[in-house]
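Derivation of every value follows stated rules applied to the coordinates shown; laboratory data play no part. None of the values given here were measured: they were computed from a predicted structure. Cβ: placed from backbone, ideal geometry, glycine included. Neighbour counts: every protein chain shown.
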Amino acid sequence: MKKGRSFLDTFLPSLKCLLYFLVFYLVAVLVNAIIGAVASLFGKALPSSLTGIVAYAFVFLVFTVGFVPFKTTVFKEAQINKPRISLIIDGALLGMGFFGAYQGVASLISKIPAEWIQKLFEAQSDMASTQLEGQMVFAILYLGIVAPICEELVFRGLMLTSLENYLPKWVSILVCALCFGIIHYPSPIAMVVTFVLGALLGFVFYRTKSLIPCILAHMLFNLSNFLLFIPKNIGFYILVIACIPLIVYSLIDIVRKTRG
């Protein structure tokens, strides 16, 4: 954040940035719905992961190639710098570790016999089933490649970088994480989890000055879902047992090898 700015000097550009990304998200939802509607006219039911890939690709290209409101290009603003290999590995470990922690905590909370808690987990299960429906190759491509790259370029690369010009770094990270959580509506669980994940990724971006560890962390977080398909819950137990060491090691290593 630049010194000597008044409240309006800070608030109005920040609001403009947030409104821009709100439009980005709403258009993505609209394009996704249009693709599904057109397919249904021809008697086709496309997997949500496939329509998501097409919607993300279209909207991302239209909105970010020029990044008109800030008169810059996506690649210049997003800081796609190449960090040392160990930091990239730390990002991947952090993504897997956080997914394991989420699964462990969720497993404990889901055993609470409260009706409203059960409804929350039902909503989350329905959302996950929708994302994984259809051909597995589309689900892997969408969750493991397209969504992480596009979302990190937009949220940590463009949004966080822009907000840091007007707000303190930690406020920028939390605001960006909040917006990241909101787009994972309608599941309250997904919104909370992605808010925390977004804050972690914002911290990683702030320390490493690169999107690559963030993208890898996001990819591994999403792809860890597929480990849950291993029979007898083997993947679940491996992730839960390893989550704390993975998170602690990766964060300590990132802090040790970077300067805030």
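Worth a mention:
- Packing rank of 83-91, 236-244, where each peptide gets the mean count of other beta carbons within 10 Å, highest leading: 83-91, 236-244
- Label-to-label distance, residue 170 versus residue 57, with points set 7 angstrom from Cα along the beta-carbon direction: 4.2 nm.
- Amide H partners (placed H, <5 Å) of residue 211, local residues excluded: 81
- Computed FRET value (nearest 0.05) for residue 125 with residue 86, which takes r as the C-beta separation and R₀ as 45 Å: 0.80
- Förster-model FRET efficiency, 30 Å R0, residue 259 and residue 226, C-beta, rounded to 0.05: 0.25
- Derived scalar couplings between HN and Hα for the range 222-232 equal 5, 5, 4, 3, 6, 5, 6, 7, 5, x, 6 Hz in order, rounded to whole Hz, by the Karplus curve 6.51 cos²θ - 1.76 cosθ + 1.60 (θ = phi - 60°), x for Gly and Pro.
- Segment residue 110-residue 192, extension gain: residue separation times 0.36 nm, minus the distance between their alpha carbons: 28.0 nm
- Extension gain for residue 26 to residue 238 (0.36 nm times residue separation, less C-alpha to C-alpha distance): 72.6 nm.
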